[in-house]
Amino acid sequence: MTNTLVNKLLRRNKFQPKGKHVYITGGSKGLGKEFAKLMASKGAHVTICARGKGDLDLALEEIKEAAQSCENYENLKFNVVSADLSKHDESIRALDEASSKHDGRVPDVIICNAGFAIPGVFIERPMEEFEKTMQLNYFGALYTIHEAAKRMAQQGVKGKIVIISSVAGLCGFMGFTSYAPTKHALRGLAECLRHELILYDISVHCYFAGTIDTPGYKEEMKTKPKITKDIEGDDKMSPKEAAKALYKGICKGNFFITSDIIGDAIRASTLGISPSNNAFLDALLCGITWVVTKPVRWYFDKMVRDNKADYPVVPADKIN
Ligand SMILES: NC(=O)C1=CN([C@@H]2O[C@H](COP(=O)(O)OP(=O)(O)OC[C@H]3O[C@@H](n4cnc5c(N)ncnc54)[C@H](OP(=O)(O)O)[C@@H]3O)[C@@H](O)[C@H]2O)C=CC1
Ligand SMILES: CCCCCCCCCCCCCCCC(=O)[C@@H](N)CO
């Protein structure tokens, strides 16, 4: 009783995964897999979706393992769905498959996590990379959310939709031209949906994660320009820590969730008309960030100005 009151006062108790069906896109690796394990350990039914069947099956074993000490373990359902979520029809089929194991009921919680980045120097990268990044990161999330929100409304499921953006969805700098806009787009979608889905009591959250040490991160490092690496820095969270921070944010009922001080600072200073997590602290942080970012931006600009020699313009006949 006292505990419930304390939880209420601390806004800690807005998410009880036990017995809920959590659907996680990109749940076979990195952040998605760790969040899936965390949900399983809290007694949730979990469905993960990704393309590669091998990784899905390996992840499924880890998810089952994580759930083993749950009192409701015997009743829990864990499933995998293989689909390319950058395609509309595949996204609908994936949700159908996930729901079919639960008598056609839409999952209670949708985590739109599948995504990737191919960093690089803007004029050197082919247009195809920009298109395919938007196709999965934005449209992939949109396809799943559109179908899930419709079903939640039709079935009267007061669910949760969680969008995985990035700190790069709140700001932009060299190297992330194909990636940051997709994550900004997700923020825009989250803002509209948070407001509109009040109609059906569906809550929406958007996670602006900082750097996480995942297979995807290792891949993106292959094409990342040095300046981008220097700005992003060496500080990384483990996927497990990042998953925990996300869970904590959802429990608190935060609309915009961040997991480090840089993310928090940029979130607070770019709130616009979005809800704050803590009105007083966010106002303070917003003011501090306004001041601190002046010299920081000067320094970031200088990094580009002083290193032009490292980025020679590729001659027209060598560019694709
Ligand atoms: N790592 C980082 O530093 C940060 C990551 N993020 C965001 O967090 C999310 C997860 O990132 P991270 O854990 O690093 O990613 P990983 O690359 O480690 O994992 C990505 C997951 O998505 C799946 N996936 C990729 N393409 C598709 C597709 N077309 N259809 C279905 N599933 C797909 C992958 O499986 P498969 O390839 O088999 O399909 C895998 O399960 C992304 O949205 C990313 O942008 C945000 C901030 C920082
Ligand atoms: C007080 C204010 C100081 C401002 C400093 C600004 C520093 C910006 C750091 C941005 C880090 C971006 C992480 C995104 C990682 C990501 O999404 C990719 N790894 C893709 O997966």
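Only the coordinates and a few stated rules stand behind these numbers; no lab work does. Source: prediction; values computed, not measured. Quick reminder, even Gly has a Cβ in these numbers, built from the backbone with ideal geometry, and neighbours come from all protein chains shown.
Details
- The fewest-to-most ranking of Asp230, Asp201 by surrounding Cβ atoms within 10 Å reads Asp201, Asp230.
- For the range 109-178, applying the loop criterion from DSSP together with a ceiling of 13 other beta carbons within 10 Å to the trypsin sites (Lys or Arg not before Pro) yields Lys158.
- Between Arg267, Arg187, Arg51, the GNM of the chain built on Cα springs shorter than 10 angstrom shows Arg51 fluctuating the most.
- Working note: Debye formula, equal point scatterers on the alpha-carbon atoms of the range 149-241, no solvent; log10 I(q)/I(0) at q = 0.14, 0.16, 0.26 Å⁻¹ is -0.61, -0.74, -1.31.
- Pair-distance profile P(r), taking every C-alpha pair of the chain, with 20 angstrom steps and integer %: 31, 57, 12, 0
- Unsatisfied cross-links (Cα-Cα over 23 Å) in the set Lys158/Lys240; Lys37/Lys160; Lys18/Lys77: Lys158/Lys240
- Extended-chain gain in nm, criterion 0.36 nm per residue less alpha-carbon gap, Asn75 and Glu97: 6.0 nm
- Computed helical MRE - 222 nm, the chain, DSSP H runs ≥ 4 contributing -39500 (n - 2.57), nearest 500: -15000 deg cm²/dmol
- Between Leu142, Leu38, Leu271, the Gaussian network model of the chain with springs among Cα atoms under 10 angstrom shows the greatest mean-square fluctuation at Leu271.
- Environment charge at Gly30 (Cβ cut-off 11 Å; Lys +1, Arg +1, Asp -1, Glu -1): 0
- Calculated from backbone phi, Karplus (6.51, -1.76, 1.60) coupling profile of the range 207-219 in Hz, x at Gly/Pro: 9, 9, 6, x, 4, 10, 7, 10, x, x, 5, 4, 5
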